[in-house]
Structure formats: structure tokens, C-alpha cells
Amino acid sequence: GGTANLTCRVDQNDNTSLQWSNPAQQTLYFDDKKALRDNRIELVRASWHELSISVSDVSLSDEGQYTCSLFTMPVKTSKAFLTVLGVPEKPQITGFTSPVMEGERMQLTCKTSGSKPAADIRWFKNDKEVKDVKYLKEEDANRKTFTVSSTLDFLADRNDDGAVVSCRVDHESLNSTPQIAMQVLEIHYTPLVKIISSNSWPEEGQSIILTCESKGKPVPEPVLWTKDGGELPDPERMVVNGRVLSISFLNKTDNGTYRCEAKNPIGRNSTEYVLIVHDVLNTLLPTTVIPSLTTATVTTTVALTTSTTTSATAISTRDPNALAGQTGPDHALIGGIVAVVVFVTLCSIILLGRYLARHKGTYLTNEAKGAEDAPDADTAIINAEGSQVNAEEKKEYFI
């Protein structure tokens, strides 16, 4: 189908004729005179130094050795071999019958004829090349061109539904523009079912929504909801809307296994969801602990104050969030606080008693010392204190 240009040049020529002849030794042009009646052959340029012709719409029969002759004594010749490429025909894919059931074996064959040399065939699935294929090359009846075929063998899978399988023919005559045949796959398969919950920790009194997602081809029919192998026990609280099951005001009787089933003409499939309704969590606010800790820090001695303050600090630095998550009062903590308060109170009473006893003894002693010359008890105490001062002034020191 292309055009071949044949050029014969002579460096030195003294008015000698030039001639082009075909592989059958038929004269095509003698100088500028056309010798063979073939409309595909035309003169490009004729002079004493050059004879150029063109052959358009070449075919495989034009392939062979062409001769340029210079009629001198003796005749001089130059030969050129013309190679004609066989352009492969547009490929075709056979072996596909729509639809294909999942798990069935598929054999797709791509075939092209008329290539010379033999063409190359490559398979692609969604633009990704498939390597494991069979290749067959056969010589055509004209013994010049070839018929090439390739077979793609695989098991149908649901992931292949809608995939584009293409067969590409590469050949040097196509000028980097390959010929491609395509086939879109249609795979039928049973539904794939999945349940999605709106609440990961359902508690009593709350609501939950269970969504049944089903994917299949053909499209599955409306799903069927059951509980523990039977119908839903409370239709007023358990409402089914298409693929969605809504349960309101949850309680312990709603615990159980919920099943969602979907089907299509290919088959059916189901999945389960186990519902467990939890108790409502109680929270305890740590508001009653702070006043007790405040009263425990009031003491009368340095040692007791240090001990009590340490306990109060250790308790007050506890994480409030830890108390908030308890389900009841901490009896050990309350008992410890009460013990501290009682201990502090007893120590205070003991110290106060000792102080009063010592003060009373001093009063009686002073009264006795001044009673000899004093008319009353108060005068006796004053005299005793004065005598004590004089006694201290009369102390003697020995060296």
C-alpha cells in the first residue's frame, strides 16, 4: 500500500542511456520513455546522470530485485532489493459470551492475518499487561504472510466485572501506531453482605441503627432481617426501612444475633451481628471529700500539722476523673479521714489537759510559798514570785 522510490545515479556519462527493470526483467523505463504499461509506475526524474522512478500502492508481488543498467560497452548494472512489508489486519477477539458466571473459565483469542514478518500480540487488562498467554504463528497460503493468534486463559472473578480486556498488535509497518481490539467483561456473582452498626457500645434506653450493605450482579433483591433465627419480636421498636434496621429504647431483651440475608438469581448470602445491650454507667462526683480534708489540717502542734498536711496533699492530688468513674463511695478513704479527725481531736484534748494541770500546780506552789506572811491567796502568790526573783539574784557561782 505504500510507495517505493527507485533512483539510479551515474557520476560520469557521455550520453549513454539508463534503464530500470523489475524482478521479472521487464523494462520499466528506458531513459524518459515508459516501457511497461502500469499506472502505478511513474517517472520522477530523467537526465544523463540520473534516472528516478516511483512505484505506488506496492503489493507483496512487487517484492524482489530491481536492476539499473548503463548501456556502455560492456553494459554496467546496479541492483536493489525491494522488501515489501505485510500490514496485519485489524485484530478480533473471540470466545467471549456475555454474561459469564463467577468461577467459570474464560478463553479469549485474539487473531490477525496478513503480517510480514509475523506480528506481535500483547494482552492488557485495565491497562495492565498480562504475561501468561499462548502464542501461535501460521504461514498463509501465499507463503509470504503470516496469521498470528494469542489466547488468554483465566477464571472469571467478581473483581473483573466491568474490566476492559484489550488485544494489541505491534508491527513495524504500523509506524508506532498499534492496532487494538477491546472487550468489556460482564461477570455475574452472588451478593456480598456486610452489616454496619451506628453504635459501638449500646446502652439501655439508647437507639441503634444496623445497615445491611449488599453488592452483587444482578442487583440483589431487598434484604431480609431476622433475630435468633426467627422474625423480629417487637415490630413497634424494630423498624425495617429497605436495608436499614432501627431499634429504639434498647433493653436487655434485645440481646441476640441479628441476621441480614440478600439474594439474586445467581445465589444468596448472609451475615450476622451480635447485639449486647450494656447497663447505664453511673458517675460519682468528688464533692464531699474536699471539706473533710480541709478540717483535718487544723492542729495544735507542728508534728501533727506536718503529718496531716502530708495526708491531705496526697489525697488532694488524686485525679478527679478517677473518682468520677467509680460506681459507689470509697469506704476506705472515708474511714481514713474519720480516723485522722478522731486522732487529732484526742491529741488536742490530751495536750490541753496537761497544760491545765501544770498551770494549776504552779498556782498552788506559789500560794504555799507566800502564805506565811500574806493575808490572802493572791498576796501569797505575789510574795512567792518576788521571793523567787530575789533567790535568783542571790545565786552564787563557784570557780
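The values are calculated or read from the model by the stated rules, or taken from the named source; none is laboratory data. On a predicted model such as this, the values are computed, not experimentally measured, just so you know. In this analysis, Cβ positions are derived from the backbone assuming ideal geometry, glycine residues included, and neighbour counts consider all displayed protein chains. Remember, those area values only see protein heavy atoms, side chains included, never the ligands or the DNA or RNA. Shrake-Rupley method; radii C 1.70, N 1.55, O 1.52, S 1.80 Å.
The single condition from (1) at pLDDT 95 or above; (2) of a type in the set (Phe, Trp, Tyr); (3) surrounded by fewer than 18 Cβ atoms within 10 Å (Cβ to Cβ) that Trp123 fails is (3).
The residues of region 179-213 that are buried (at least 17 other Cβ atoms within 10 Å of the Cβ) and free of Cβ contacts under 8 Å to residues at least 60 places away in the same chain amount to a single one, Cys212. Remark: pairs (first residue in region 34-49, under 25 Å from Asp11 (Cβ atoms); second residue basic (Lys, Arg) and at pLDDT 95 or above; Cβ separation under 7 Å; 6+ apart in sequence or on different chains) are absent. Working only within region 132-159, note down all residues that are within 32 Å of the chain's Cα centre (by Cα) and either open to solvent by less than 20 Å² (accessible area, probe 1.4 Å) or over 27 Å from Glu186 (Cα atoms) (or both). Of everything in region 132-159, those that are within 32 Å of the chain's Cα centre (by Cα) and either open to solvent by less than 20 Å² (accessible area, probe 1.4 Å) or over 27 Å from Glu186 (Cα atoms) (or both) turn out to be Leu152, Ala156. Only one of the listed residues (Thr151, Thr145) is in contact (Cβ under 8 Å) with a residue 60 or more places away in the chain, in contact with a Ser or Thr (Cβ under 9 Å, 6 or more places away or on another chain) and polar (S, T, N, Q). That residue is Thr145. One residue stands out among those in region 171-186 that are in a strand (DSSP E or B) and among the hydrophobic types (A, V, I, L, M, F, W, C): the one that is nearest to the chain's Cα centre (by Cα), which is Val184.
The sole residue among Val219, Val244, Val165 that is among the β-branched types (Val, Ile, Thr) and without any contact (Cβ under 8 Å) to a residue 40 or more places away in the chain is Val244.
Selection within region 90-105: residues that are touching a residue at least 60 places away in the same chain (Cβ under 8 Å) and not β-branched (Val, Ile, Thr). The member of this set that is farthest from His188 (Cα to Cα) is Lys90. Considering each residue of region 322-330 in turn, none proves to be at pLDDT 75 or above, open to solvent by 80 Å² or more (accessible area, probe 1.4 Å) and closer than 26 Å to Leu281 by Cα.
Every condition in (1) over 23 Å from Val87 (Cβ atoms); (2) in contact with an Asp or Glu (Cβ under 7 Å, 6 or more places away or on another chain); (3) not small (Gly, Ala, Ser) is met by Ile208 except one, and the failing one is (2). Looking at this structure, is Thr306 over 30 Å from Tyr189 (Cα atoms), modelled with pLDDT under 55 and open to solvent by 50 Å² or more (accessible area, probe 1.4 Å)? Considered against the rule, which asks whether it is over 30 Å from Tyr189 (Cα atoms), modelled with pLDDT under 55 and open to solvent by 50 Å² or more (accessible area, probe 1.4 Å), Thr306 comes out as yes.
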